[in-house]
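The values are calculated or read from the model by the stated rules, or taken from the named source; none is laboratory data. Keep in mind the model is a prediction, meaning the values are calculated, not measured. Glycine gets a Cβ as well: all are built from the backbone with ideal geometry, and neighbour counts include every protein chain shown.
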Amino acid sequence: MASTGSGCFPCMCCRDKGRCSDFTAWIRIRMRIRSGSSETDSGGGGWIPERLQRLWRNPAGQVAVSSTTDERRPSGKEEVPVLIPTFEENLEEQHLCEASQLLIDREKQLFGEMTETADLQHHQAEVEKLSADREALEKLILQTVLQSLSLCVGQVDNEHLVSAQASALTSAVRAVMQEEEQDQLWKHRCRIQPDWRPSNWKKLHDSTIRVLVESRMDNPTFPSAASHTEQSSVQADVYSMGRQLKEDLLWVVTVVKDCYPPEMDICNFYAELYHKTFRARIKKLADFCLDDKDSEFLLRWVNHSYPGILQKPELAGEIDVEALGKLLPNDILDPMEEQYLNKQQADLMRYIRQVLTEAKERWNKGEEPPTEDGCYASHVAYDIIQFINGMVTSAAVALGDPDKAKSLTSKLTDLMQSFKAFQEEVVKHNRSNSITLVKANLGCIEQFRDVLSRMTHLFPDGVRLECLSLLTDMTQSAHAYLLSPVHKVLKPQYQKLGTDDWLNKNQFENLLKGIESQLHELKGSTPACYQKLLGQLYQEVAVEYVKRLLKGKVKLKDRQRQEKAYVTVKENAESLHKLFNRMGSNEEWLKEILTKIAEVLKLQDIPAIQMQIVLLGSAHRDLSEKHVSALLKLKKNISKSDRKTVKETLTDTRKENNDVDGNTQPFFCKVVVS
């Protein structure tokens, strides 16, 4: 046969010359793609009408097409025919995209020739055959989509199966997109439409995945947990669904994603479906009257475990986690969290009370606290701290919010008040085991202080500050109780300070010996607590020293006696500091106070005295005019007006430097002068 001028192969079915020409061009392109030819549209290669293809079929049902281009025919060799698979063969090989294209081509050819209803009736058999083939293809495509996740458990190591499944899914997705494109094209064609248009295969695809997800979440393939773990039915269900969700989403982002075009955003589509399905199941479980363990387990999954799954590196880069939101709405989640917090807080308070009660019972029985490394020890603070840390940390996980977890310790102030009251009772009754218990309690106080200062995430700020204040009061109370007997022994030596006898004779050596003998009685608390106790004693001895000096019993009438007083005070300061430093304390600032006072006693020029008083007052903001006046009165050669000038200088200097805080250690406020 010869071709016509229009390039149309003349045949019995060619009713429309132009339309046949379009179809001829498409067949040429398809044949070139199949054969790998690079010939142009105007090149050789015949066109075989659909109705004549069966004349060229080989026994396997394939179409054999011979090339007529001389340049492409190998010299001396017989031409190898190009075989085009049939629709049925494409289905069998799961080449669903190619099968879809064949049906679309048949649809174009068949319905492209119809101009009226009579044409539809004339081709009824062909239409029915095409419809049946479409149903077969649709069924296979949906089946392929339903099998998208079938290999993500147990067969992941079989690369051949994974590759075959991915290839079939990719072809199915392309077929769906081709159908979607044809649906859009048919909207703009003014012809008789097939009954299956629009096919809405994209909607069918989406609903199929929805069914797939719901089915996998209803029937998880993963066991709930290890066999030795005791779990309720609620916990087992949630664990299984969560594990199924995690493994399926990991499969989606590693395998399924590559089978879809980016514009379909398949990872987020799957994630949203799994999220909604899991959310519905969790909400249904939350509607039941759960016991405390199940409720806590559910909160952990909602606030910690589930976000942890989505935040895995493999998923976080592919899924918009923020858009998904929480598994439970606030109207359900908030009451659950409140119930959980109330229960945990009640347990915490009950445990702390129990610890304090047991400690009090041991004291009432006359038991001595145990010793560790030669120090009296109490496990009250350790037990309470461990329990607080464990419960608040656990609550932060269950609630997904450390700030909410802090509220567990909102009533800790009341418990610390109870601890303080217990110590006050111990001090008041002063039993045989009271001193050792107070020494042990000093270690507890330091442990509490350390935790409150460092682990701020465990406590609300207001509660933390109130508890620290209570601990300071307890420390001062314990120090006063332990040091009171020491001061009672040293009182006779204190009475000789600031007198002529003290100035003329070295009475201070007796005071030092008395202090040293009493220091051994103070041992028994932890090294850090003992060091602080020594520091407190050092400060109180220095306060007593300055108080006795400022009483004015010693008469420093002239320069000679003032210089002698200077030497005495300075030597006393050195000796006192040396003693306490040797015993473990190193309060350098106390030595400096006594040294500055000694300098004032020695100085004779008013400007020099003014400077020294300003230095002393700048370092210690609690130095008052009364203290300055009492100190200057010791120097009988200073007039009242000079004393006034010195005091005014201190006041004016402080006004000019009001922003300077000075030493934070209180001292002169404890020195009472009349």
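Points to keep in mind about this one:
- Residues that are over 23 Å from residue 220 (Cβ atoms) and either crowded, with 17+ Cβ neighbours inside 10 Å or in contact with a Leu (Cβ under 8 Å, 6 or more places away or on another chain) (or both), drawn from the stretch 125-152: 126, 127, 130, 133, 134, 136, 137, 138, 140, 141
- Restricting the stretch 402-440 to residues that are of a type outside the set (A, V, I, L, M, F, W, C) and touching a strand residue (DSSP E or B) at 6+ places or on another chain (Cβ under 9 Å), the residue that is nearest to residue 368 (Cα to Cα): 436
- Any hit, the stretch 293-309, residues being within 30 Å of residue 164 (Cβ to Cβ) and either assigned to a helix (DSSP H, G or I) or in contact with a Ser or Thr (Cβ under 7 Å, 6 or more places away or on another chain) (or both): yes
- Set 239, 260, 274: member being more than 25 Å from residue 102 (Cβ to Cβ), at pLDDT 95 or above and of a type in the set (Ser, Thr, Tyr): 274
- Candidate set: the stretch 436-456, residues that are free of Cβ contacts under 8 Å to residues at least 60 places away in the same chain and surrounded by 13 or more Cβ atoms within 10 Å (Cβ to Cβ); chosen: the one farthest from the chain's Cα centre (by Cα): 438
- Residue match in the stretch 187-196 (condition: surrounded by fewer than 19 Cβ atoms within 10 Å (Cβ to Cβ), touching a helix residue (DSSP H, G or I) at 6+ places or on another chain (Cβ under 9 Å), over 29 Å from residue 126 (Cα atoms) and in contact (Cβ under 8 Å) with a residue 60 or more places away in the chain): no
- Checking 448, 387, 459 one by one, the residue that is in contact with a Cys (Cβ under 8 Å, 6 or more places away or on another chain) and within 28 Å of residue 305 (Cα to Cα) is 459 and no other.
- Looking only at residues of the stretch 457-492 that are of a type in the set (Val, Ile, Thr) and farther than 26 Å from residue 386 by Cα, we find that the one that is surrounded by the fewest Cβ atoms within 10 Å (Cβ to Cβ) is 489.
- Residues satisfying the stated conditions in the stretch 584-631, i.e. among the aliphatic types (A, V, I, L, M) and outside any helix (DSSP H, G or I): 603, 623
- Taking the criterion of being farther than 23 Å from residue 563 by Cα and not hydrophobic (A, V, I, L, M, F, W, C), the residues of the stretch 575-621 that qualify are 581, 582, 584, 585, 586, 587, 588, 618, 620, 621.
- Qualifying residues in the stretch 400-426 (those that are buried (at least 20 other Cβ atoms within 10 Å of the Cβ) and β-branched (Val, Ile, Thr)) - the one nearest to residue 477 (Cα to Cα): 426
- Residues satisfying the stated conditions in the stretch 85-111, i.e. at pLDDT 85 or above and of a type in the set (A, V, I, L, M, F, W, C): 87, 91, 96, 97, 99, 102, 103, 104
- Any chance residue 250 is touching a Leu at 6+ places or on another chain (Cβ under 8 Å) and more than 26 Å from residue 171 (Cβ to Cβ): no
- Selection status of residue 526, touching a Gly at 6+ places or on another chain (Cβ under 9 Å), among the β-branched types (Val, Ile, Thr) and surrounded by fewer than 22 Cβ atoms within 10 Å (Cβ to Cβ): yes
- Scanning the stretch 250-265 for residues that are buried (at least 17 other Cβ atoms within 10 Å of the Cβ), β-branched (Val, Ile, Thr) and over 13 Å from residue 213 (Cα atoms) yields 253, 255, 256.
- Here the condition is being touching a Leu at 6+ places or on another chain (Cβ under 7 Å), farther than 28 Å from residue 145 by Cα and surrounded by 13 or more Cβ atoms within 10 Å (Cβ to Cβ); of 333, 328, 348, it holds for 348 alone.
- Residues within the stretch 587-609 that are under 13 Å from residue 634 (Cα atoms) and touching a residue at least 40 places away in the same chain (Cβ under 8 Å), tallied: 4
- Selection count, the stretch 481-507, where residues are at pLDDT below 90 and either of a type in the set (Phe, Trp, Tyr) or within 60 Å of the chain's Cα centre (by Cα) (or both): 1
- The listed residue being aromatic (Phe, Trp, Tyr), touching a helix residue (DSSP H, G or I) at 6+ places or on another chain (Cβ under 9 Å) and without any contact (Cβ under 8 Å) to a residue 40 or more places away in the chain, out of 340, 351, 376: 351
- Of the listed requirements (1) assigned to a helix (DSSP H, G or I); (2) closer than 14 Å to residue 337 by Cα, residue 290 misses just one: (1).
- One residue stands out among those in the stretch 557-566 that are touching a residue at least 12 places away in the same chain (Cβ under 8 Å) and over 20 Å from residue 668 (Cβ atoms): the one that is surrounded by the most Cβ atoms within 10 Å (Cβ to Cβ), which is 562.
- Being part of a helix (DSSP H, G or I) and over 21 Å from residue 493 (Cα atoms) is a property that residue 516 lacks.
- Qualifying residue in the stretch 185-193 (condition: of a type in the set (Phe, Trp, Tyr), in a helix (DSSP H, G or I) and either modelled with pLDDT of 90 or more or under 40 Å from the mean Cα position of the chain (by Cα) (or both)): no
- Scan of the stretch 443-495 for residues that are within 26 Å of residue 394 (Cα to Cα) and among the acidic types (Asp, Glu), ordered by number: 446, 450, 461, 466
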